[in-house]
Amino acid sequence: PKLIILVGGVATKALLQRDEGITRLRNKTFEYKNQYMEEAVPVRAMFHPSYLLRQPLAKRDAWFDLLEIRAALSS
């Protein structure tokens with residue numbers, strides 16, 4: 001894949017093996033590689049949709065995440 005998008009804190013912590021919360025991880029790009037992959041794949045994290053339903057003000061941050069993901073995929 002060109003990019004892995006992790007949605008929510010549980011998925012982010014599971015794949016990246018990091019202890020920080022989703023709020024600290026969401027605006028950064030990480031790399032993921034395992035034994036079956038030849039090269040690393042960029043990874044982006046964003047808020048889970050259920051969080052956005054409970055916290056409508058976070059939708060603005062999620063929108064900027066989606067714009068950055070779109071830009072990364074178009075390059």
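The values are calculated or read from the model by the stated rules, or taken from the named source; none is laboratory data. The structure displayed is predicted, hence computed values, not measured ones. Because the Cβ atoms are built from the backbone with ideal geometry, glycine has one as well, and the counts that use them run over all protein chains shown. Surface areas here come from the heavy atoms of the whole protein model, side chains and all, with no ligands, DNA or RNA. Shrake-Rupley method; radii C 1.70, N 1.55, O 1.52, S 1.80 Å.
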Quiz item: What number of residues in the range 1-53 are among the small types (Gly, Ala, Ser) and within 20 Å of SER74 (Cα to Cα)?
Solution: 2
Practice problem: Tell me, yes or no, whether the range 68-75 has at least one residue that is part of a helix (DSSP H, G or I), farther than 17 Å from ARG24 by Cα and among the basic types (Lys, Arg). | Solution: yes
Exercise. State whether one or more residues within the range 47-67 are outside any helix (DSSP H, G or I) and within 11 Å of the chain's Cα centre (by Cα).
Key: yes
Practice problem: Working only within the range 18-46, note down all residues that are open to solvent by 100 Å² or more (accessible area, probe 1.4 Å) and not in a loop (DSSP other than H, G, I, E, B). | Solution: ARG24, GLU31
Practice problem: Output the residues belonging to the range 1-55 that are among the acidic types (Asp, Glu) and in contact with a Pro (Cβ under 7 Å, 6 or more places away or on another chain). | Solution: GLU31
